[in-house]
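Structure first, commentary second.
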Amino acid sequence: MPFPSVTLVAGDIGTGKTTFCNQFLCEGARSGERGMFFAIFGGPTEWTHKFTSTYEFVRPDYFEERIRYVDLGEAVEDASVAGDVLRPMENALDGFKPRRVAIDNSIVLEDVLKDDYRRFLLKLSALLKSKGVAALITGEACKDTPYPSRAAHVADGVILLHNTEVNLVRRRSLEIVKMSGTSHLSGKHAVDISTRGLTVYPGL
Ligand SMILES: Nc1ncnc2c1ncn2[C@@H]1O[C@H](COP(=O)(O)OP(=O)(O)O)[C@@H](O)[C@H]1O
Ligand SMILES: [Mg+2]
């Protein structure tokens, strides 16, 4: 993923969005890059749960030093305009100066910010770019589109995660819908989620 960039990771519940984010930040931490995880809702429990989990790529010593968790739950709860969420985000970014950022899960903000959501996305994208980070934003697929289209508009890349039933068997796959500025394998690729996180099998 290029710096700076904003990539939307979209998919239904349980397709591996949060795992993808954790893996992305841990991958950076492994090579010394700082990472910041913004939880829009769901609170620290989900994150803590992830990190006491059995994922092999998670190392407890990444915490605080290399990967910082920011719970935006309270800010989101009281938010009425874009700035109410963007201000604490900018403060956290300036304080820690991460190289990689994950924002999980943006879909709640759509309900909270209503008319200001589009402006939030535009300003968020500009903020992330100005800090020079590679960022992931997760979002759940909507009824009519396979991904949240408003978030897709501000993203340089869109990755879709699927978990579909084929002949009574659940099959996971990953699809790169767009990725500006890089060459990539198009089409769907088989995915497996294990203690190693997401493993992609290109071409399958
Ligand atoms: N510690 C773990 N080891 C192996 N697989 C896990 C672990 N935690 C979660 N998973 C698998 O990853 C899948 C995706 O979970 P998650 O990343 O939370 O999805 P999403 O954020 O899209 O809702 C889960 O359905 C589960 O099968
Ligand atoms: Mg999740």
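The values are calculated or read from the model by the stated rules, or taken from the named source; none is laboratory data. Everything numeric in this text was worked out from a predicted model, so none of it was measured. Backbone-built Cβ (ideal geometry, glycine too); neighbour counts: all protein chains shown.
For N163, the criteria (1) modelled with pLDDT of 85 or more; (2) more than 18 Å from the chain's Cα centre (by Cα) hold in every case but one, which is (2).
Across segment 114-124, which residue is surrounded by the most Cβ atoms within 10 Å (Cβ to Cβ) among those that are of a type outside the set (K, R) and more than 18 Å from V70 (Cβ to Cβ)?
Taking the candidates together, the pick is L121.
If the condition is being within 16 Å of K131 (Cβ to Cβ), out of contact with any helix residue (DSSP H, G or I) (no Cβ under 8 Å at 6 or more places or on another chain) and not hydroxyl-bearing (S, T, Y), then segment 2-24 contributes P2, F3. The residue of segment 132-149 that is farthest from L72 (Cα to Cα), among those that are surrounded by fewer than 18 Cβ atoms within 10 Å (Cβ to Cβ) and under 17 Å from the mean Cα position of the chain (by Cα), is P146.
Can you confirm whether segment 96-117 contains a residue that is outside any loop (DSSP other than H, G, I, E, B), aromatic (F, W, Y), more than 16 Å from ligand 2 (Cβ to nearest atom) and under 21 Å from F3 (Cα atoms)? Looking through segment 96-117, at least one residue is outside any loop (DSSP other than H, G, I, E, B), aromatic (F, W, Y), more than 16 Å from ligand 2 (Cβ to nearest atom) and under 21 Å from F3 (Cα atoms). Filtered by the rule that a residue be among the polar types (S, T, N, Q), away from ligand 2 (no atom under 16 Å from the Cβ) and either surrounded by 22 or more Cβ atoms within 10 Å (Cβ to Cβ) or closer than 14 Å to I137 by Cα (or both), segment 1-35 gives a lone residue, S5. If the condition is being at pLDDT 95 or above and either within 16 Å of ligand 1 (Cβ to nearest atom) or of a type in the set (V, I, T) (or both), then segment 98-137 contributes V101, A102, I103, V133, L136, I137.
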